[in-house]
1. Between residue 119 and residue 39, what is the FRET efficiency for a Förster distance of 25 Å, r being their Cβ-Cβ separation, to the nearest 0.05?
2. At 222 nm, what helix-only mean residue ellipticity would the chain give, in deg cm²/dmol to the nearest 500, using -39500 (n - 2.57) for each DSSP H run of four or more?
3. How far apart, in nm, are the 7 Å Cα→Cβ label points at residue 65 and residue 270?
4. Two decimals, Cα atoms only, Kirkwood Rh: what is Rg/Rh over the stretch 179-291?
5. Across bins of 20 angstrom width beginning at 0, how are the C-alpha pair distances of the chain distributed, in whole percent?
6. Can you give the convex hull volume per residue for the Cα atoms of the stretch 7-120, as a whole number of Å³?
7. Assuming R0 = 41 Å, what is the FRET efficiency of residue 5 and residue 164, from their Cβ-Cβ distance, to the nearest 0.05?
8. Taking a point 7 angstrom from the Cα of residue 209 along the C-beta vector, which residues in the stretch 223-262 have backbone N less than 13 Å away?
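Any read-out appearing in this document is the output of simple, stated calculations on the displayed coordinates, not a laboratory observation. Every value quoted in this text rests on a predicted model; they were computed, and no experiment measured them. Backbone-built Cβ (ideal geometry, glycine too); neighbour counts: all protein chains shown.
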């Protein structure tokens with residue numbers, strides 16, 4: 001049941017990912033879903049009816065003009081995040097933007113500058129950061145348990161049927177901004193750099209191995225060199241049947257850990273500590289699901305965490321836990337990988 005003091009939310013876009021936002025808003029404390037905007041009028045109307053929302057429009061400006069809306073979620077195709085987000089920001093609304101926050105650094109920075117000028121928050125949906133396993137690895141790295149890092153790698157060997165790319169925006173340069181790496185791989189790229197920092201240099205290759213009709217890659221691989229000497233790799237594909245769980249490996253002189261989806265499967269340290277068994281066998285077995293074979297296989301628990309975090313941020317006046325500036329790094333790393341692949345040469349980031 002909503003309360004007059006609840007923050008009002010609007011959603012731009014009514015595709016698959018908008019469903020996760022709508023469910024999360026309904027379950028969050030202190031939120032109510034007020035309106036929907038979608039350029040496809042009937043699609044937006046059906047979404048509004050499905051979620052018992054009384055206002056829908058084809059114009060973002062109409063949504064942003066409503067005084068009872070405080071936060072607007074942007075769930076349009078990736079390369080179309082900037083324009084509706086700017087309309088929201090210019091109207092004084094906080095925004096939550098789906099991953100990736102945008103598809104070029106120029107577009108990311110245009111949004112961040114506008115939000116800073118308007119003194120509104122930008123949150124980015126990168127829900128893998130909030131999973132229990134990911135937070136355990138981040139804490140262990142910050143505590144120095146791994147010692148000198150040796151190998152830091154991410155693997156996204158997923159599968160998408162041909163129909164996923166047919167007649168839509170997926171795999172296009174303009175609206176997807178890339179292929180398997182920018183779309184499916186972005187969570188793993190973001191987690192890897194969140195864990196260990198940005199690499200100093202990348203050398204990469206991309207290919208269309210199976211989905212040959214798309215503009216961008218269905219397979220990518222990159223070699224990484226980190227500033228302190230550690231090495232690593234990133235692999236991403238949507239051409240690998242049947243699709244395996246995403247895996248991130250952090251290996252150091254004093255310990256190594258492996259994360260599959262949001263569950264730690266290896267946690268081995270030279271010096272065991274109390275609590276290590278709890279990391280491998282957590283009391284909560286909750287999972288945000290895997291998109292290995294289909295984007296509909298994830299659930300909305302990560303979105304709920306981040307939408308609740310935005311509500312709390314607005315209430316107390318602090319930046320969201322995963323804000324737009326944090327989300328920029330993942331896009332920067334993907335763009336560097338693409339630049340290396342197209343130039344057939346290493347690209348320096350730091």
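1. 0.30
2. -10000 deg cm²/dmol
3. So the label points at residue 65 and residue 270 sit 6.6 nm apart.
4. Rg/Rh for the stretch 179-291 comes to 1.02.
5. All Cα pairs, binned at 20 Å, distribute as 31, 58, 11 percent.
6. 87 Å³
7. 0.45
8. Residues 235-244 qualify, since their backbone N sits under 13 Å from the label point.
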